[in-house]
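Where a number appears in this text, it was derived from the coordinates with a stated rule and is not lab data. Everything numeric in this text was worked out from a predicted model, so none of it was measured. Neighbour counts are summed over all protein chains in view; Cβ atoms, including those assigned to glycine, are modelled from backbone coordinates with ideal geometry.
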């Protein structure tokens, strides 16, 4: 696998996770619908800041593992691919339906930003995701880890901006799709599950080869 192929796989997986309706998406919608597009974009910026923190600790963890316990890297790839497959199968079997979007608690754009960051940071699934996912794509055999981590963080931020920022700019239509159309959200989740399962099989193969 080339470095370019690796980045495409990372983007595919990341997009599949971000597009699934969840607490970050609902927070952006709540701010956009009740306080306007600027509030929704402020919430998006906060979530992007939280995602940057996740990217930093994920990169630090992989760097420490690669330098202190390199023999554990391949087993971690295999374990991470199994975790991704489990998430993928769970999404494929689930029926994600969003019943409603409540009012935003933020009273200012700064509060929307701050609470967006907190919403992202307090999500325990995000920590498990970063610990399992980063070792799959942040690889010592592709060169120094710091530039790789910077590129992946930029891809993460750009994807969050495209998805959540797009929701903020088109909040009314997005609400109709996410809240008013249960079938759409179900198929979004199941489509993301298929992506996760496919990427997990590729990373499992890479781990076994390593």
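Suppose the chain between residue 89 and residue 110 were pulled fully straight at 0.36 nm per residue; how much longer would it get relative to their current alpha carbon spacing?
Once the chain is fully extended between residue 89 and residue 110, it gains 3.8 nm.
Work out, step by step, the length gained on full extension between residue 158 and residue 201: first 0.36 nm times the residue separation, then minus their alpha carbon distance; give nm to one decimal.
Taking residue 158 through residue 201 to full extension adds about 12.9 nm, to one decimal.
How high is the FRET efficiency from residue 52 to residue 142, r the C-beta distance, R0 25 Å, rounded to 0.05?
Efficiency computed from Cβ-Cβ geometry: 0.75.
For the peptides 52-60, 144-152, what is the packing order when you average, over each peptide's residues, the other Cβ atoms within 10 Å and list the highest mean first?
Descending packing order for the listed peptides: 52-60, 144-152.
Could you tell me the calculated FRET efficiency between residue 183 and residue 34, based on Cβ-Cβ distance and R0 = 25 angstrom, to the nearest 0.05? All intermediate terms of the calculation are to be shown ahead of the outcome.
Values: r = 26 Å, r/R0 = 1.03.
Result of the calculation: an efficiency of 0.45.
Measuring from label point to label point, each 7 Å out along Cα→Cβ, what is the residue 151 to residue 82 span in nm?
3.0 nm
What FRET efficiency would be calculated for the residue pair residue 64, residue 121, taking the C-beta separation as r and a Förster radius of 30 Å, to the nearest 0.05?
0.90
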